[in-house]
1. Roughly how far apart, in whole Å, are the Cα centres of region 105-155 and region 1-75?
2. Note down the nm distance, to one decimal, between modelled labels 7 Å out along Cα→Cβ at Val265 and at Met18.
3. Picking from Trp126, Thr324, Met17, whose Cα lies most toward the positive end of the charge dipole for the chain (charges on Cβ: Lys, Arg +1; Asp, Glu -1)?
4. Ranked by Cβ crowding within 10 angstrom, fewest neighbours first, how are Ser58, Ser97 ordered?
5. What value, in deg cm²/dmol to 500, does the helix sum -39500 (n - 2.57) over DSSP H runs of n ≥ 4 give at 222 nm once divided by the residues of the chain?
6. For a quick check: sort Lys121, Lys306 by the number of other beta carbons within 10 angstrom, fewest at the front.
7. Please state, to two decimals, what the Cα-based radius of gyration of region 15-247 comes to when divided by 2.2 N^0.38 Å (N = residues).
8. Once the dipole of the chain is set up with Lys and Arg at +1 and Asp and Glu at -1 on Cβ about the Cα centre, which of Met1, Leu300, Ile65 lies farthest towards its positive end?
Amino acid sequence: MEINLISDTVTRPTPGMMQAMLQAEVGDDVFGEDPTVNALEAKVASMFGKAAALFCPSGTMTNQIAVKVHTQPLDEVICDEYSHVYQYEVGGYAYNSGVGVNLIRGTHGKVTAAQVAAAIKPVHDWLPISRLVVLENTCNKGGGSYYTLEEIRPISRLCRERGLYLHLDGARLFNALVETGEAPQAVGELFDSISICLSKGLGAPVGSVLIGSADFIRQARRVRKAMGGGMRQAGFLAAAGIYALDHQLERLKEDNERAKKIGAVLQERPYVSDVRPVQTNILIFDVKPPYTAESFLQKLSTYGIKASPFGPQTVRFVTHLDFTEEMMERVIEVLRKL
Ligand SMILES: *Cc1c(COP(=O)(O)O)cnc(C)c1O
């Protein structure tokens, strides 16, 4: 049995999803004439109670477009030091938008309103202008930690009072919402823009959606084209996204549950020194010497289990649609044996 815990991006379309893709009605989306892309965008915008949405090839692109539209060169983006926007987008904020980042050292990737307030710079000729705050929910490098609406509300209020935009990197937002039971609409009210990934836990092969006001999305469409992200018969991919939202959203709860069960086993293993709190479908833990992340992963691979190194002693597991109950039992059996 091949078991892949590298990421929730490794999933293949389910038979139902494949069927939906094959049957998609398509057109040229650069001309706004792909009915399936239009349907996906309308569906997601309405889910979040926003005016408009934009289908993009990746979550990196949706985040980068948001930074570009919300900022001017010489502005700065306030975010946690673990943020995807800072860590894993090739420094694109500087390249695409000519902005800097002002990093907050939060808790498992999460920041508080007080921390954001302290990070906002006064206005002087010699300082960058604090223009945009980016929150990540769930936070990947934070071990899949999530914010509740209660925690976001004061940050949203602060941004409005101080005239900063607030963007949500919600690549795995639904992994959080199935835990908290909160509605996407309530999330929509707190942010100027939101990015969600269809290609992570939701199980679509490609795609992310950027959500915001009509004016924001009008500008975002132009930036997407400039970045080379205007796709033609993208409806085949959008159909997978619609199918994922309709059929594969509630089941994210299973991924979260399986991660928690594995986390509980890791917690009691003598070769593990720390397991970050397991809140959703990501597990980050440290292995003790003589193991290193590399040697531990090498060992796991002899049992057909693949995962990612996340530091010299740190390993990441991500559960997903193609990681079954049977695979979970096998992983637990192997972890107990090591
Ligand atoms: C995966 C991910 C993204 C976007 O990644 P792409 O691979 O470009 O789609 C953005 N933010 C977070 C937190 C992610 O995990």
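1. Distance between centres, Cα-based: 25 Å.
2. 2.9 nm
3. Highest projection toward the positive end goes to Trp126.
4. Lowest to highest Cβ neighbour count: Ser58, Ser97.
5. It lands at -12500 deg cm²/dmol.
6. With the fewest neighbours first, Lys121, Lys306 line up as Lys121, Lys306.
7. Relative to the rule-of-thumb radius for its length, region 15-247 sits at 0.98.
8. Leu300
Readers should treat all values here as calculations from the given coordinates under stated rules, not as data from a laboratory. From a predicted model like this one, the values you see are computed outputs, not experimental measurements. Every residue, glycine among them, receives a Cβ derived from its backbone with ideal geometry; neighbour counts consider all protein chains shown.
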